[in-house]
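A short write-up of the structure that comes next.
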């Protein structure tokens, strides 16, 4: 399929921006459908199968991140996120949530067109490359899907972690070298862990620290920072 | 100035009060008992009568009188006179002797200290205190010598300690306990001060420790601080919400505008309109970042500063701008804990300032005293010494015209200062060797423990 006949679904709550983008993209030869929120998007998706979704981060009702996560869980629909904030955090989070690219408001139409074409090209070239979630740090390799931690040298299990400890380590590995507050850690781990995991972050971290230190002495991977934050100091690389 | 803790002050107040009370009580005591002290010393008249009585008697009768008047405090005996009474008296008793001599109707009298006993030799001061002894030697007209040992014994307890020693000891212990209690009572105040210092309004403030067993006043202070903290956090949240809301809406309008601008047919006009929108958003970003820095809302991550600087420099070189970069060997791998976006904004603002007003930027990174110093020099006219501090204030510009063509809104350096200070760093404006402006940004180096 050629990019010029591609269908774009625009999820954006500001009607003017929707209209302006739609006008422009139509002139460039795209089919464009516009909806204002997540609910309308769901209805639309039952009738239309778009080639790409342009998704605003700040939406009334269900926010862009949550929609993005939901879409990504179902299929490999390419997503371009529009963010109002220029923070890199949003980029990290957005890409982790499965967005293919992002664009900061205000954006020029040509910029948008370039991104859209790039995403469509990638989507056509390599159909749905499975997202690998294997990361190397210090002397370990963690596989978030297989839920295993191995050492770089041998592919034997290096750490015996409980489910909650694994989630915690996963949380750190995906946000390395950043100070995480207790509340943030709680927010990011609670959703995925079946175990009760409330005010025990400190205890859990001290247990994880001990296990990491035992397996890699003197590495000091988790540092405590002023005001009760934690910092994973290792550099993390994605591996295949 | 000497710092005296509240506990010490209270203790001092107590001690001074106690001392004053004791002094007054002692003064009153001595004023009222000084007569009694005199009375414990036999009066001259009494000695005169005793002497006269004894002179008239002899033998058994004399002994009976002696037995009758003697007591441990007033021991009377008669010694057959061996040597005549010399009348010699130690100088300090001279006045006393004259008083007695006048009352004894011409009988010779000597006043001496009693013979030493062992205790007096070992503890002369204590012995004198305890005995307060005095010996009268009076020559009787019958030729005998009347010797009277008068004691004013210090009363002692059954343990042999002076009366009041126990009371003093008890008082000291009570005072010590009181001091400890006071320390304990004032400790919540010190804890409160420490807790208030730790208050970080960016997160949900934890309530200050409630000292449940403290004085009501201290608990009231703690409760008041808690309420103040809550109100401040509420205000800060409201402000952040407001700023965030404005930023979002302005961005929405700017996005519409940016899309509409595409319809301007004239290329040059369109470029200028796009640049205006970019400036506007940059100003908004600066204000937002600055507000977040003030509210402690910046993120903290380990940032390789040299690499970050290299990217900023590279971006400008690609645009054909003259930017030099020198990085000291030791500063090459330095890590700063901070907000990547904010750090980039610090560098970008200073470098762009240098390019806008000083034709070129020369960036140098070095380590100094455990901090990393980024110096950005330009080749402009420099900033006069008296203006170096004021250019760091918001909306201050060297030209007063506020002409947007020659510069920004004047927020740049103020934002840089805010952001640098939010990272525990400083910004300083100096002179570059070539006469231009030098801006030094100092940031603490992160060292994981």
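Going by how many other Cβ atoms sit within 10 Å of their own, how do B:186, B:426, A:83 line up, fewest first? Before the final figure, lay out each step's value.
Numbers: B:186 19, B:426 15, A:83 23.
Result, fewest neighbours first: B:426, B:186, A:83.
Label-to-label distance, residue A:31 versus residue B:431, with points set 7 angstrom from Cα along the beta-carbon direction: 7.1 nm.
Over the C-alpha atoms of segment A:3-125, the Rg to Rh ratio, Rh being the Kirkwood estimate, stands at 0.91.
Between residue A:114 and residue A:210, how high is the FRET efficiency from 1/(1 + (r/R0)^6) when r is the Cβ-Cβ distance and R₀ = 56 Å? Nearest 0.05. Display every interim value, and only then the final one.
Numbers: r = 50 Å, r/R0 = 0.89.
Rounded to the nearest 0.05, the efficiency is 0.65.
Determine the distance separating the Cα centre of segment B:355-376 from the Cα centre of segment B:427-449; give it in Å without decimals. Spelled out, the Cα-based centre of one part sits 6 Å from the other. Listed by Cβ neighbour count within 10 Å, with the fewest neighbours leading, B:263, B:359 appear as B:263, B:359.
Given the convex hull of the Cα atoms of segment B:298-444, what is a quarter of its surface area in nm²?
Details: hull surface 33.8 nm².
Mean shadow area of the hull around the Cα atoms is 8.4 nm².
Please report the antiparallel percentage of the DSSP beta bridges confined to segment A:3-125, to the nearest 5. Spell out each step's value before the answer.
Details: 0 of 17 bridges.
In segment A:3-125, approximately 0 percent of DSSP beta bridges are antiparallel ones.
Between residue B:167 and residue B:56, the distance separating the two model label sites (each 7 Å from Cα on the Cα→Cβ line) works out to 4.5 nm.
A Förster radius of 41 Å, combined with the Cβ-Cβ distance separating residue B:105 from residue B:30, puts the computed FRET efficiency at roughly 0.80. Between residue A:238 and residue B:269, the simple label model (points 7 Å from Cα in the Cβ direction) yields a spacing of 4.5 nm.
Hey, can you rank B:50-58, B:333-341, B:431-439 by average C-beta count inside 10 Å, highest first?
On the way: B:50-58: 16.0, B:333-341: 21.0, B:431-439: 17.7.
Put in order of decreasing packing, that is B:333-341, B:431-439, B:50-58.
You can think of it this way: the chain between residue B:219 and residue B:235 has 3.3 nm of extra reach, that is 0.36 nm per residue less the Cα-Cα gap.
What does the structure give for A:14-24 when I average, per residue, the other chain Cβ atoms found within 10 Å of the residue Cβ?
On the way: counts 6, 0, 7, 6, 0, 2, 8, 2, 0, 3, 3.
Counting Cβ atoms of other protein chains within 10 Å of each residue's Cβ and averaging gives 3.
A short reminder: the numbers here are calculations on the coordinates, not readings from a lab. Keep in mind that this is a model prediction, so the values were computed, not measured. As a convention, Cβ positions derive from the backbone with ideal geometry for all residues, glycine included, and neighbour counts pool all protein chains shown.
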